[in-house]
Every structure is written in structure tokens, then in C-alpha cells.
Amino acid sequence: MSRFAVAGATGRLGRHVVDVLTERGHQTVPMSRATGVDIVTGEGLAEALTGAEVIIEVASWHASDQEAATEFFTTSASNLHEYGGKAGVARIVVASIIGADRATAGFVAAKKAHEELLLSGPLPVRILRAAQFHEFVGQFLDWRQGEVAYVPALPTQLVACRAVAEELVDLALEPGAPAPGAPIPEIAGPRTETMAEAAALLGARRGVKVVSVDGSGMPDAEIAAEGGFLPGPHAVLAGPTFQEWLDTQP
């Protein structure tokens, strides 16, 4: 049994990480503002990391603004290195986004800065890059203005949060460091589809009309259209398709 501190433990992905760790018999310290731990201000962080062997970092910013998201990710990364080092943590394992290394704008570019700062810190860091989550699709419907949701027809390979959590825990439990030159691990769902196609399936269930658009107004839309955010040949493909996942939702 190991002791894991999970940053972002009450979030969309963090809840699944905590569940997987608990099911596998590990001791888990949930870290979020809801549990009295703030990885940006440092409040409660020293106490939460006491005795922890590994930090799993799955905290996320609530908006897409690049500047604010970058500030959140870089500040939290610095704090996890600082407080984690003082607590004797062995390493940090973090969830990122497939294609983050190619990003030039928006939220994904903030994750690129997050990766870079984490990797430059004193503690060993392992990264798992994931495709967009099944659970993310609903936000396109929530963001609509009026009766119609306009969703970009950009290619993606949606993956379930549970599948990402399982792969992330596996990575956290791997001994030693990755082989020199090894690619950063990736995980994605079993097939490529467009975000608009997935949103249309969800929209039909919710009674929301979805109209497919080219996505030209989104950050790095050209990179996305060319498949820049799709998994590479080394990626793990796991979990249900979006339709299969949707069929299991209440």
C-alpha cells in the first residue's frame, strides 16, 4: 500500500483517480479547496503532503483564458515541487493533453507551460497526455446561447475519465524513470470522431439541436483540423466509445 496525494481530487478526473486508488487498496489524501487544501495559495498543502509518496496532479482551471490558466498551472506546479520536496515526496505524476507540445494558444498552451515548469523542477515528473474526455462534450451544449449549440467539426478521439484514471494510476505505480528518449505516454478512446458528432448524440438525448461548424474561431483550430491533437502510434487506446459511454449515463 502506498500513500498518494491527489491534487484536484474532487474534479471531473480526480474523483475517478481517488476511486481507482481506493479500489486498489492504496491510501489517498484528497487535495482540493473543498478539503481545505489550495495548491495555488499553499493553504493546507504541507499538512496534506506529510507522509505522501507520490503526488497525482489532476487539478484544472475552470475557464479557457490562456493567461489565467497559465498562472494557475505554473503557480500550482511550483508549489507542488516546493512543498512536495520538503515532505519527501518521491515524484509527481500529472495528467496533460495530447498535442500540448504543439499548442500555441488557449487552454492547451497553458497546459504546455504547465508541463514545462513541472519538468524543470527538482522532483521527478511523469506525464500522461490524454485526449479530450467524454465528460467534456456536455460543456459545448451548456455554453450555447439560445436553442442551438454550434460545435466544431474538429477530429478528436474522446476517452472516458475512468480509463484515464486507471492509466494514470498505473503510471504512478511504475518504478523507476522512463527510458531515455521514450515518448510521453498517451491515452485516447478507441476511435476517431468529431466533437460535433459526439455533441449531436448528446444533444439528441437532451433535446438540444447541434449544428456542426468549422471551428475556425477556436485556438489552434488549424492544428486540430490537421490531426495535431489526435493520439500518436504509441498511445494506449482504451475504454468505451462515446456512444457506449453515453448509454451508461443516467
TODO: Look through region 88-114, keep the residues that are in a loop (DSSP other than H, G, I, E, B) and over 22 Å from C161 (Cβ atoms), and return whichever of them is most open to solvent (accessible area, probe 1.4 Å).
DONE: T104
TODO: Report whether or not A188 is under 30 Å from S2 (Cβ atoms), open to solvent by 50 Å² or more (accessible area, probe 1.4 Å) and among the aliphatic types (A, V, I, L, M).
DONE: no
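Of the residues V137, V151, which single one is touching a strand residue (DSSP E or B) at 6+ places or on another chain (Cβ under 7 Å) and at pLDDT 90 or above?
Working: V137 fails: touching a strand residue (DSSP E or B) at 6+ places or on another chain (Cβ under 7 Å).
None of the other options fit; the residue is V151.
Residue by residue, here is whether (1) among the β-branched types (V, I, T); (2) farther than 30 Å from T28 by Cβ holds:
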residue: L154; (1), (2): no, yes
residue: E167; (1), (2): no, no
residue: L171; (1), (2): no, no
residue: E186; (1), (2): no, no
residue: A221; (1), (2): no, yes
residue: A224; (1), (2): no, yes
residue: V236; (1), (2): yes, no
residue: G239; (1), (2): no, no
residue: D247; (1), (2): no, no
Task: Residue under evaluation R12, criteria (1) of a type in the set (K, R); (2) in contact with a Leu (Cβ under 9 Å, 6 or more places away or on another chain); (3) closer than 21 Å to D170 by Cα, criterion not met - done: (2)
TODO: Output the residue which, of all residues in region 102-113 that are touching an Asp or Glu at 6+ places or on another chain (Cβ under 9 Å) and without any contact (Cβ under 8 Å) to a residue 60 or more places away in the chain, is nearest to A235 (Cα to Cα).
DONE: K112
TODO: Can you tell me which residue among E174, E193, E197 is open to solvent by less than 20 Å² (accessible area, probe 1.4 Å), of a type in the set (D, E, K, R) and touching a residue at least 12 places away in the same chain (Cβ under 8 Å)?
DONE: E193
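Which of the residues spanning region 151-168 are polar (S, T, N, Q) and over 13 Å from V236 (Cα atoms)?
T156
So, in region 220-244, of the ones that are assigned to a helix (DSSP H, G or I) and under 18 Å from the mean Cα position of the chain (by Cα), which residue ends up nearest to P183 (Cα to Cα)?
In the first step, residues of region 220-244 are kept if they are assigned to a helix (DSSP H, G or I); the result is 221-225, 242-244.
If we keep only those that are under 18 Å from the mean Cα position of the chain (by Cα) too, we end up with 224, 242.
Numbers: A224: 20, F242: 27 Å.
Going through the qualifying residues, I end up with A224.
For region 192-205, indicate whether the set of residues that are of a type outside the set (V, I, T) and either part of a strand (DSSP E or B) or within 30 Å of I55 (Cβ to Cβ) (or both) is non-empty. Before you say what the answer is, go through the steps one by one.
Taking region 192-205 as the starting set, the residues that turn out to be of a type outside the set (V, I, T) are 193, 195-205.
Narrowing further to those that are either part of a strand (DSSP E or B) or within 30 Å of I55 (Cβ to Cβ) (or both): 193.
There is at least one residue in region 192-205 that is of a type outside the set (V, I, T) and either part of a strand (DSSP E or B) or within 30 Å of I55 (Cβ to Cβ) (or both).
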TODO: Would you please name the residue that is most open to solvent (accessible area, probe 1.4 Å), looking only at residues in region 4-40 that are closer than 20 Å to L128 by Cα and in a strand (DSSP E or B)?
DONE: P30
Task: The lone exception for G85 - which of (1) touching a strand residue (DSSP E or B) at 6+ places or on another chain (Cβ under 9 Å); (2) part of a helix (DSSP H, G or I); (3) touching a residue at least 12 places away in the same chain (Cβ under 8 Å) it fails - done: (1)
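For (1) modelled with pLDDT of 95 or more; (2) among the aliphatic types (A, V, I, L, M), each residue gets a yes or a no:
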| residue | (1), (2) |
| --- | --- |
| A59 | yes, yes |
| D65 | no, no |
| Y83 | yes, no |
| V93 | yes, yes |
| A113 | yes, yes |
Task: Those residues of region 41-59 which are part of a loop (DSSP other than H, G, I, E, B) and either over 27 Å from G176 (Cα atoms) or free of Cβ contacts under 8 Å to residues at least 40 places away in the same chain (or both), in sequence order - done: T41, G42, E43, G44, T50
- [ ] Give region 138-158 a look and list any residue that's within 21 Å of the chain's Cα centre (by Cα) and open to solvent by 40 Å² or more (accessible area, probe 1.4 Å), or say none.
- [x] Q139, D142, W143
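The values are calculated or read from the model by the stated rules, or taken from the named source; none is laboratory data. Computed from a predicted structure; not experimentally measured. Because the Cβ atoms are built from the backbone with ideal geometry, glycine has one as well, and the counts that use them run over all protein chains shown. In case anyone asks, the SASA skips ligands and DNA or RNA and just uses the protein heavy atoms, side chains included. Shrake-Rupley method; radii C 1.70, N 1.55, O 1.52, S 1.80 Å.
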